């Protein structure tokens with residue numbers, strides 16, 4: 001597909017501004033009624049979903065050209081999907097998120113590149129990850145864990161770690177504890193160690209489809225060779241990309257894909273994990289974009305007038321992973337959940353997606369601090385989530401302001417309830433299991 005293939009969608013935009021707001025029947029207050037970090041931060045129509053649709057239509061019609069200024073506006077977007085979800089409440093014949101993705105690709109094809117994104121792509125080419133870290137150290141987090149090496153052993157479950165978890169040492173205790181839980185429950189888990197590569201989803205969102213195709217093909221061949229029946233990932237980005245971006249590229253994986261929170265809940269319900277220890281805490285839950293509205297499976301293009309699409313052919317954000325984490329929190333003794341105003345498919349983005357974390361840190365920080373303020377407004381003692389990029393966005397925004405507010409991965413709370421003590425950084429040694 002190309003931008004011109006969505007000309008009908010762009011023409012359908014009536015400038016109603018619904019893309020800027022949580023739908024009226026979901027609003028709880030004026031303070032937390034907006035849904036798009038970009039238009040909220042820059043307060044000019046071009047920075048909204050509808051504004052970008054109009055720019056795209058103008059280019060397709062030959063009325064204007066893609067300039068550096070226009071490209072900058074296109075890139076100042078987390079691609080969080082909030083605008084698309086809100087738009088579909090009123091206009092379910094428009095696929096706004098698809099247009100935003102095509103605008104990114106158009107920028108790359110016309111050479112409107114930005115240095116920060118090029119650094120990410122160069123890192124992918126050199127080291128196979130988006131953080132510029134050595135590929136040889138990708139499996140160092142798993143040192144000493146009795147997991148299989150899928151490069152030379154068969155395993156029923158491939159644990160795809162993801163770039164951020166693989167290299168962010170502050171997240172390693174969460175990661176290692178989670179793998180210990182899976183192993184203790186009897187799962188046959190294998191990882192690719194240093195041979196694991198990025199899923200390629202961030203490259204796709206930045207507009208570099210060729211690079212994304214390469215990583216999808218690498219993952220596809222690895223899965224086929226492994227004999228695995230299931231891919232489990234703790235990375236919300238990877239989860240969404242496997243379920244949506246891969247099929248969109250024609251590279252659907254031939255196995256079931258589950259986020260680790262789904263697997264943990266399943267094991268708890270089966271009695272293979274016992275959440276027995278109290279964790280006395282009032283928490284609020286942050287729905288990550290890629291675990292929520294952006295994780296809906298890809299639906300093939302509709303042939304004909306989209307207004308005639310049946311409900312099961314509309315990707316509107318409603319079928320993301322929303323109930324699983326909330327149900328898991330209920331299983332933890334002592335944990336009480338209090339909800340924010342913008343939840344589920346109406347959740348506010350942490351700020352880290354779509355290349356914004358890398359290229360526009362001030363926008364990322366703005367978005368993260370807005371969410372933290374909303375979390376605080378509930379009276380909660382802490383916020384829980386299940387996405388490493390969200391965790392990092394919140395952590396760095398708080399560090400930048402010198403503020404403090406506890407942010408937990410839901411897996412940390414699970415491990416506390418199971419009675420698993422987290423390892424210290426001194427206990428986690430580098431190296432790989434050969």
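The values are calculated or read from the model by the stated rules, or taken from the named source; none is laboratory data. Here the structure is a predicted model, which is why all the values come from computation and not from measurement. We place every Cβ from the backbone using ideal geometry, glycine too, and count neighbours over all the protein chains shown.
Can you tell me which residue among 413, 398, 328 is in contact with a strand residue (DSSP E or B) (Cβ under 7 Å, 6 or more places away or on another chain) and modelled with pLDDT of 95 or more?
Answer to the selection: 413.
I'd like to know if the stretch 363-376 contains one or more residues that are on the phi < 0 side of the Ramachandran plot, surrounded by 15 or more Cβ atoms within 10 Å (Cβ to Cβ), in a loop (DSSP other than H, G, I, E, B) and modelled with pLDDT of 95 or more.
Looking through the stretch 363-376, none of the residues is on the phi < 0 side of the Ramachandran plot, surrounded by 15 or more Cβ atoms within 10 Å (Cβ to Cβ), in a loop (DSSP other than H, G, I, E, B) and modelled with pLDDT of 95 or more.
Answer with yes or no whether residue 147 is surrounded by 17 or more Cβ atoms within 10 Å (Cβ to Cβ) and either more than 15 Å from residue 204 (Cβ to Cβ) or in contact with a strand residue (DSSP E or B) (Cβ under 6 Å, 6 or more places away or on another chain) (or both).
So residue 147 passes the test.
Would you confirm whether or not the stretch 73-87 contains a residue that is at pLDDT 95 or above, closer than 28 Å to residue 389 by Cβ and surrounded by fewer than 18 Cβ atoms within 10 Å (Cβ to Cβ)?
The answer is no, given that none of the residues of the stretch 73-87 is at pLDDT 95 or above, closer than 28 Å to residue 389 by Cβ and surrounded by fewer than 18 Cβ atoms within 10 Å (Cβ to Cβ).
Using the structure shown, decide if residue 58 is at pLDDT 95 or above, farther than 25 Å from residue 202 by Cα, assigned to a helix (DSSP H, G or I) and not assigned by TED's automatic domain parsing to the domain that holds residue 208.
yes
Take residues that are within 17 Å of residue 257 (Cα to Cα) and tell me which of the helices (runs of 4 or more DSSP H) falling wholly in the stretch 129-211 contain 1 or more.
Because the criterion is at least 1 residues that are within 17 Å of residue 257 (Cα to Cα), the helices (runs of 4 or more DSSP H) in the stretch 129-211 that meet it are 172-184, 201-206.
Kindly provide the set of residues from the stretch 22-55 that are assigned to a loop (DSSP other than H, G, I, E, B) and either within 14 Å of residue 78 (Cα to Cα) or in contact with a strand residue (DSSP E or B) (Cβ under 9 Å, 6 or more places away or on another chain) (or both), ordered by number. Break it down into steps so the answer makes sense when it comes.
Restricting attention to the stretch 22-55, the residues satisfying the condition of being assigned to a loop (DSSP other than H, G, I, E, B) are 22-23, 27-33, 35-36, 43-44, 48.
Those that are assigned to a loop (DSSP other than H, G, I, E, B) and either within 14 Å of residue 78 (Cα to Cα) or in contact with a strand residue (DSSP E or B) (Cβ under 9 Å, 6 or more places away or on another chain) (or both): 22, 27, 33, 35, 36, 48.
Considering only residues that are within 12 Å of the chain's Cα centre (by Cα) and in a loop (DSSP other than H, G, I, E, B), look in the stretch 287-304 and name the one that is surrounded by the fewest Cβ atoms within 10 Å (Cβ to Cβ). Steps first, answer last, please.
Going residue by residue through the stretch 287-304, those that are within 12 Å of the chain's Cα centre (by Cα) are 287-296.
From what is left, the residues that are in a loop (DSSP other than H, G, I, E, B) are 287-292, 296.
Details: 287: 29, 288: 31, 289: 32, 290: 31, 291: 27, 292: 29, 296: 21.
My answer is 296.
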